[in-house]
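J.: This structure is in structure tokens; I'll ask about it shortly.
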Amino acid sequence: MSSTFDGLFIARSGVRAARASLNITGQNITNSTTPGYTRQRVDQAAVTPPSTNSFYSWAGGAVSGQGADAYDTSQLRDAFLDGEYRLQNALGGESSALAAALEPLEDIFTYTTTADSSDEVSTVDVLSNELSNLISQMQNLTSGKSDASESVIRDAADQLAKKFNIAAKGLETAREQQYDALSEHAVPQVNELLSGIAALNGQIKNAEVSGGSALELRDQRNLKLDELSQYMDIRVEETEVDVGSGKTVHELNVYLADKDGNALEDGDGNPEFTLVSNKKYAQVSVFQDADAKALTHARLSGLTEDGETFDTAKAEFQNADLQSGSLAGYLKLLNENGEYDISDTQTTATFRGIGYYSKLLDTLAQTFATTMNGLNSTTDAQPDKPLFTSNGFSADGITARNLQISSDWTSVYLTMSKDSANAGDDTSTSYSNITNMITALTSDEYTLETKPGEEGSDPFFTGTIQKAFMNVPTSLARSVAGVKSTDADNANRLDDIDTSRQSISSVSIDDEAVSLVQYNQALTAAARFMTAVDECLQTIISSMGVAGRG
Amino acid sequence: MMSRYRSDVSDAFASMNIAMRRAYDYRAFEKPSDSPLAAAQTFQVHWEARLNADYRNNISNLEGANTTADHVLQQIATQIDTAKEKINSVVTDTANAQNREDIANELASIRQSMLSELNSKYADSYLFGGSNAGTAPFTLDADGNLLYRGLNVDTGLDKDGKVPTAASLEDLAKDHVYVDIGLGIESGATGQSAFDSAMPGIRYVGYGTDENGVPKNVFSLLKDIEGYLKDDSASVSELVEKLNPYRDALQSAEDTFISSKTDIGARGNFLEETDSYLEAIGENLSEKDNQVEYVDFEDAITSFSTQQYCYLASLQVGSKVLQTSLMDYLR
């Protein structure tokens, strides 16, 4: 037998539950355009009749439950899709960092121009164009053009050397820009995200301890985790923790993961690199080697909280532990040199980062200078009249950055012929040696190696000097095209995953409109029920037991 | 759905922009990475077109020198002919000493103009200097003997009377100056793969002496004949006897001169033919550049129209998809 006023309590719970659902529906509708918002719903359950399982339970009769209880709100979110999104985001972050860095390098080696003879805009390969100019001037001299002279050839050679210098400087500048992007923007952003996630963890835990479910805070945290996943592969694990009196709250750990989303493990099978452990977080730092190699290294600190350190820095953390994400992309650009990394320990070429193109230019400059100096020399042993030098005097240690013509090259310095009638005569007009130089640049074949004369040198190109010059922008173009295509694929895939995610967790106005109608009716019905109960009670209290009285 | 639609519309807009740009500059690629294969072909075509232009430039320089040399040698041929007639007139006519003196003087002036013609220049280079065209190839020593590049044309000895250590007259006559005109020049260029532009003077006017000590060089022959004509002591029959071997030598020197100078005409023809061939190649390269670096006018316009249509269609769809929701139908 239920109590007299039970019905009122049931009606009240119904109104309360309907009001809560209406509020949540309103929350969903107003936040439908909020980025990262996950739609919420009320968890509602029927209340069981009191003490059904005890000594004093009601016996027999039609017993009813005690109304509806809106006991919790929850989000509609798929954790699996979140994981997939973050993995794909890391891949996309890496490819977009590579594409954004490599594409501007093309402007160092090629430019578009209007030709003298037409209005059509054409793409010009800078170094090949200067080489063509040099060869044209040499041709003019051999065919007896009236204003051809050695000084014109010298000017053309000077221009070519300067173009090498400019290209090498451009690559150095690009490298500095990428390092700045990494150290001044990417790494501080990552560190801010890590500390932000830790702070949110603390707030969420506090909210849960007080009984709330902190759904909005969770949305903010998910946004930060999504953004962090662009920089590195992460694995997110949420665990339940008992805080006493039967209450459990959640704690979040973020670990560094591999490309498949599995946390990197140490020898004992435990996650090796913890990025966030509830309120404690690690920080990433980068620095460059002081020695000539200038490799960039990333480091992971130990866990800290409010400035207090709980864990020592991860000394065993290496660049290779960042398997994808834009941090990994930056490190590849700065540290990896393609075929130039081949050695006894590294048998395959690594990624062709900025260093590859710098070294390729150096190899090209050295091969070109050595060829021309050898042809101009009148002795077989040490070239005695170098045309191209590293410092104006000596041909040792030539790089693309320091290539310059010899300061001894005034006039009457080019060896015009080496045939027996005119051997070494700088004024001979047989120009046979000039013709030899032309032949060497246009038809003879050379092999470019990564470390000429050393162990483990990789001969990566064989062809004419002209083809070697052309190889630089075309190999860059192929790399960039490949990276852009991968980036486009990654972006599409990310879009697909996000669309799936959105279909579950974003707000559908149609859906919420139906809910509005539904909960509104539920509230109206509960209110009507309360009115009915009220009338019943009125009848019982006022009208019962007055029969026979006045 | 909104964000998906948004990204799809911006993709359509970006594609339309690319097609629009292509429709007015007709370029197949903006950066080499847009199409690495087309870029590589473009650079190769540009390189070959530059080389082709160089070859044609060389040919035009060489043709100028060749034509001038042809004229000069033609004049010298005429002068040799004149000299021959004058010498014949001495021999056949019963000439007196006065006539001999006149003819000797005329031969001297012919020799002088021949010398200055042999030292003709074209564009700051001596035409007949062979591989050393910076200094005048023909000079006279103290005795009036002709020297070619410092060597006596009759004896082949240098100014100190010694056998030359570098090149001999024979070597100098076979002098080469190889110029690349696109015949496939290689290391160790030969006449097969390059054009020999050398015109060493002594190839035409002769050098050395025959077994009787009679010079083969036209200039020396005229000088010796002049010497005999000026010798009053000889009688006519003695003179004729002395002159006969020289007249024969002069005839064979003239024959040598004419036959060796025809190679200049042949060279001129060869240069002209090669130039026409290179012109055709140049046009082919220009055509090829159009194919790889640029897109067809029709293709570009059609593609732009298609992209524009796609973009407008996606805008129209959007207006139908995005507006209505259940909210519009509830009171």
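The values are calculated or read from the model by the stated rules, or taken from the named source; none is laboratory data. As the structure is a prediction and not an experimental result, all values here were calculated from the model. Every residue, glycine among them, receives a Cβ derived from its backbone with ideal geometry; neighbour counts consider all protein chains shown.
J.: Write out, first by first residue and then by second, each pair whose Cβ atoms fall under 6 Å of each other, whose residues are 6+ apart or on separate chains, and whose first residue, in segment A:59-87, is modelled with pLDDT under 90 while the second is in a helix (DSSP H, G or I) and of a type in the set (F, W, Y).
T.: none
J.: Okay, moving on. Just give me the residues in segment A:316-347 being more than 24 Å from the chain's Cα centre (by Cα) and over 19 Å from A:R478 (Cα atoms), in sequence order.
T.: Answer for segment A:316-347, where residues must be more than 24 Å from the chain's Cα centre (by Cα) and over 19 Å from A:R478 (Cα atoms): A:I342, A:S343, A:D344, A:T345, A:Q346, A:T347.
J.: Condition (residue is facing chain A (nearest Cβ under 8 Å), crowded, with 22+ Cβ neighbours inside 10 Å and under 27 Å from the mean Cα position of the chain (by Cα)) applied to segment B:156-172: is it met by at least one residue?
T.: yes
J.: Need the failing condition index for B:Y178 against (1) over 21 Å from A:K418 (Cβ atoms); (2) modelled with pLDDT of 85 or more; (3) surrounded by 15 or more Cβ atoms within 10 Å (Cβ to Cβ), just the number.
T.: (1)
J.: What do you reckon, is A:A488 within 14 Å of chain B (Cβ to nearest Cβ), of a type in the set (A, V, I, L, M) and more than 24 Å from A:G26 (Cα to Cα)?
T.: The answer is yes for A:A488.
J.: Is it the case that B:Y294 is in contact with a Lys or Arg (Cβ under 9 Å, 6 or more places away or on another chain) and surrounded by 14 or more Cβ atoms within 10 Å (Cβ to Cβ)? Please lay out each step first, then the result.
T.: Details: in contact with a Lys or Arg (Cβ under 9 Å, 6 or more places away or on another chain): yes; surrounded by 14 or more Cβ atoms within 10 Å (Cβ to Cβ): yes.
In short, yes.
J.: Out of segment A:381-414, which residues are β-branched (V, I, T), assigned to a loop (DSSP other than H, G, I, E, B) and either in contact with a Lys or Arg (Cβ under 8 Å, 6 or more places away or on another chain) or on the phi < 0 side of the Ramachandran plot (or both)?
T.: A:I398, A:T399, A:T410
J.: So, A:T447, is that one of a type in the set (S, T, N, Q) and either at pLDDT below 80 or part of a helix (DSSP H, G or I) (or both) or not?
T.: Against the criterion (of a type in the set (S, T, N, Q) and either at pLDDT below 80 or part of a helix (DSSP H, G or I) (or both)), A:T447 does not qualify.
J.: Would you please name the residue that is nearest to B:P36 (Cα to Cα), looking only at residues in segment A:466-482 that are more than 7 Å from chain B (Cβ to nearest Cβ) and aliphatic (A, V, I, L, M)?
T.: The extreme case among them is A:L476.
J.: Go through (1) assigned to a helix (DSSP H, G or I); (2) within 14 Å of chain A (Cβ to nearest Cβ) one by one and return the number of the condition B:A77 breaks.
T.: Failed condition: (2).
J.: Inspect all residues belonging to segment B:99-114 and state whether any of them is part of a loop (DSSP other than H, G, I, E, B), surrounded by fewer than 20 Cβ atoms within 10 Å (Cβ to Cβ) and not aliphatic (A, V, I, L, M).
T.: There is no residue in segment B:99-114 that is part of a loop (DSSP other than H, G, I, E, B), surrounded by fewer than 20 Cβ atoms within 10 Å (Cβ to Cβ) and not aliphatic (A, V, I, L, M).
J.: A:A148 - would you say it is under 30 Å from B:A39 (Cα atoms), assigned by TED's automatic domain parsing to the domain that holds A:N402 and among the small types (G, A, S)?
T.: no
J.: Given the conditions (1) without any contact (Cβ under 8 Å) to a residue 40 or more places away in the chain; (2) under 30 Å from A:A100 (Cα atoms); (3) among the small types (G, A, S), which single one is not true for A:S377?
T.: (2)
J.: A follow-up question, please. Could you tell me whether any residue of segment B:225-245 is closer than 19 Å to B:L151 by Cα, among the hydrophobic types (A, V, I, L, M, F, W, C), at pLDDT 85 or above and in a helix (DSSP H, G or I)?
T.: Checked against the condition, which is being closer than 19 Å to B:L151 by Cα, among the hydrophobic types (A, V, I, L, M, F, W, C), at pLDDT 85 or above and in a helix (DSSP H, G or I), segment B:225-245 yields no hits at all.
Matching residues to (1) in contact (Cβ under 8 Å) with a residue 24 or more places away in the chain; (2) among the small types (G, A, S); (3) crowded, with 18+ Cβ neighbours inside 10 Å:
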site: A:G302; (1), (2), (3): no, yes, no
site: A:D321; (1), (2), (3): yes, no, yes
site: A:G325; (1), (2), (3): yes, yes, yes
site: A:E336; (1), (2), (3): no, no, yes
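J.: Looking at (1) without any contact (Cβ under 8 Å) to a residue 24 or more places away in the chain; (2) out of contact with any helix residue (DSSP H, G or I) (no Cβ under 6 Å at 6 or more places or on another chain), find the lone condition where A:E455 falls short.
T.: Looking at each condition in turn, A:E455 falls short on (1).
J.: Shifting gears a bit: Counting only residues that are assigned to a loop (DSSP other than H, G, I, E, B) and within 28 Å of the chain's Cα centre (by Cα), how many does segment A:190-242 have?
T.: So the count comes out to 2.
J.: If you don't mind, another one. Restricting attention to segment B:1-52, and to residues there that are of a type in the set (K, R) and within 7 Å of chain A (Cβ to nearest Cβ), which single residue is farthest from A:I108 (Cα to Cα)? Explain how you work it out, then say what you get.
T.: Filtering segment B:1-52 for residues of a type in the set (K, R) gives B:4, B:6, B:21-22, B:27, B:31, B:50.
Applying the additional criterion that residues be within 7 Å of chain A (Cβ to nearest Cβ) yields B:4, B:27, B:31, B:50.
Numbers: B:R4: 36, B:R27: 20, B:K31: 11, B:R50: 22 Å.
Of everything passing the filter in segment B:1-52, B:R4 is farthest from A:I108 (Cα to Cα).
J.: Scan segment B:71-85 for residues that are buried (at least 18 other Cβ atoms within 10 Å of the Cβ) and either touching an Asp or Glu at 6+ places or on another chain (Cβ under 7 Å) or closer than 26 Å to B:S276 by Cα (or both) and report the count.
T.: 3
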